[in-house]
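In what follows, a structure is listed as structure tokens, so that the remarks can point back to it.
The values are calculated or read from the model by the stated rules, or taken from the named source; none is laboratory data. If you're wondering where the values come from, they're calculated on a predicted model, not measured in any experiment. Note: ideal-geometry Cβ built from the backbone for every residue, glycine included; neighbour counts use all protein chains shown. Each accessible area value is taken on the protein alone, full model and side chains, heavy atoms only, with ligands, DNA and RNA left out. Shrake-Rupley method; radii C 1.70, N 1.55, O 1.52, S 1.80 Å.
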Amino acid sequence: MFEELIRSWDGEFVATHFDTESGTWMFVCVHSTTRGPAGGGTRMRTYETPADGLEDAMRLAGAMTLKMAAVDIPCGGGKAVLATPGPLDDATRRGLLLRYGELVDSLGGTYRTGPDVNTTIEDMDVIGERTPYVFCRSTAQGGSGDPGPYTARGVFHGIRASVGHVFGSDDLAGRSVLVQGVGDVGARLAEQLAEAGARVFVADVDDERARDLAGRIGGEVIDPGTVTTYECDVYAPCALGGTLNAESIPRLRCRIVAGCANNQLNEPDDAARLRDAGILYAPDFVINSGGVLHAWGKEMLGWSPEVVEERHAGIGDALTAIYERAEADGITTAEAAERIARLRLESA
Ligand code: NAD
């Protein structure tokens with residue numbers, strides 16, 4: 001199964017290691033180094049089979065190549081999966097991360113990692129004990145820390161640009177924005193939207209979290225079960241993927257979908273469904289790139305806070321270019337983002 005997957009993949013290479021101590025398969029997939037060292041987070045998960053973990057890593061690595069190119073970061077794309085046999089105790093997890101750090105180090109900087117699903121800033125500190133090729137270590141350890149606030153900043157700029165495209169002015173005063181999921185990114189996004197004068201609606205399965213935030217920013221809490229039918233200017237999915245699908249799209253009552261969640265479209269056809277419903281979709285891999293811009297920019301490219309903020313604002317410009325390209329070429333915004341990224345890759 002591994003053989004078939006690796007042979008048919010369009011990426012550059014896969015480094016595989018079986019960690020006997022923890023029973024974990026490590027897969028580092030370097031999809032492209034055409035534009036620079038491959039960057040992408042490390043996901044820790046239990047999969048039905050190890051091959052499912054490898055396939056996930058390959059797919060995510062390809063998406064990172066497009067993401068880096070779409071927002072013009074001089075990096076390629078990669079991703080790693082640590083496919084664990086089940087929950088690990090603290091000591092086993094630490095041992096695994098140290099040995100994984102050695103694997104990353106052995107690649108000599110071709111692949112540089114960061115946090116992803118089920119890996120934290122603290123985990124990056126542990127990996128950092130074995131390799132310098134790791135982003136988002138804690139600031140105490142010399143890293144750039146939690147990317148969440150920076151992802152939120154990028155989404156804020158992306159929402160402004162999307163509002164500007166649809167309504168002719170990017171002024172958020174009086175615009176209604178529904179933030180689904182007010183965790184690390186969503187809460188900070190909601191704060192910035194409220195500061196900019198937007199009417200902010202928040203929904204979270206953690207009701208107390210939603211209420212606390214709404215109280216602080218003067219927002220309104222809505223039932224998480226009604227999110228996709230709630231009337232608003234902007235729906236910002238900031239919780240989980242797959243909320244845009246054949247069933248939910250016809251019921252949406254918003255003009256724009258723009259949020260940080262990964263994999264918002266359940267399937268590629270959903271981009272056309274949104275367009276046909278007259279809803280502007282900000283491709284997730286572009287609008288949620290603020291955290292990567294900050295970490296890679298600060299740690300690898302030496303960007304100052306001013307340059308980082310400029311690049312965050314640039315996410316808005318990138319989206320505007322994508323919207324214009326989609327209209328000019330008669331394609332969806334998701335296709336336009338991919339087309340722009342592929343052109344950058346070809347000319348690298
Ligand atoms: P988080 O875990 O801190 O927050 C997620 C929030 O969503 C939590 O408050 C949770 O209670 C809530 N939630 C879960 N299911 C829900 C549902 N069905 N309805 C409403 N609320 C629900 O995660 P985060 O770091 O804020 O990331 C949010 C999303 O953005 C994820 O999809 C993540 O992959 C993506 N993302 C995050 C970053 C980043 O820098 N943190 C970067 C890019 C993409």
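Evaluating residue 256 against the criteria (1) hydrophobic (A, V, I, L, M, F, W, C); (2) open to solvent by less than 60 Å² (accessible area, probe 1.4 Å); (3) over 19 Å from residue 149 (Cα atoms); (4) within 10 Å of the ligand (Cβ to nearest atom) leaves one unmet condition, (4).
Here is the figure for the range 259-270: residues that are within 14 Å of the ligand (Cβ to nearest atom) and open to solvent by less than 40 Å² (accessible area, probe 1.4 Å) total 5. Go through 158, 218, 181, 225 for me and flag whichever is within 9 Å of the ligand (Cβ to nearest atom) and either touching a helix residue (DSSP H, G or I) at 6+ places or on another chain (Cβ under 9 Å) or in contact (Cβ under 8 Å) with a residue 40 or more places away in the chain (or both). Result of the check over 158, 218, 181, 225: 181. For the range 140-155, the criterion of being more than 27 Å from residue 314 (Cβ to Cβ) and open to solvent by 20 Å² or more (accessible area, probe 1.4 Å) is met by at least one residue. Being of a type outside the set (D, E, K, R) and open to solvent by 30 Å² or more (accessible area, probe 1.4 Å) is the filter here, so list the residues in the range 104-120 that pass it. Passing the criteria: 106, 107, 108, 110, 115, 117, 118, 120.
Only helices (runs of 4 or more DSSP H) whose full extent lies in the range 86-200 are considered here, and the ones with at least 3 residues that are aromatic (Phe, Trp, Tyr) are 148-167.
Within the range 110-132, is there a residue that is without any contact (Cβ under 8 Å) to a residue 40 or more places away in the chain, away from the ligand (no atom under 15 Å from the Cβ) and in contact with a strand residue (DSSP E or B) (Cβ under 8 Å, 6 or more places away or on another chain)? For the range 110-132, residues without any contact (Cβ under 8 Å) to a residue 40 or more places away in the chain, away from the ligand (no atom under 15 Å from the Cβ) and in contact with a strand residue (DSSP E or B) (Cβ under 8 Å, 6 or more places away or on another chain): present.
For the range 187-204, the condition of being among the aliphatic types (A, V, I, L, M) and touching a Cys at 6+ places or on another chain (Cβ under 8 Å) holds for at least one residue.
Note on the range 184-196: residues that are away from the ligand (no atom under 12 Å from the Cβ) and open to solvent by less than 40 Å² (accessible area, probe 1.4 Å) total 4. Out of 170, 204, one residue alone is more than 13 Å from the ligand (Cβ to nearest atom) and either closer than 18 Å to residue 309 by Cβ or open to solvent by less than 40 Å² (accessible area, probe 1.4 Å) (or both). It is 170.
What are the residues in the range 327-345 that are more than 23 Å from the chain's Cα centre (by Cα) and of a type in the set (D, E, K, R), if any? Result: 327, 329.
With 57, 51, 69, 61 as the choices, which residue is in a helix (DSSP H, G or I), in contact with a helix residue (DSSP H, G or I) (Cβ under 9 Å, 6 or more places away or on another chain), at pLDDT 95 or above and buried (at least 24 other Cβ atoms within 10 Å of the Cβ)? Within the list 57, 51, 69, 61, the selection yields 69.
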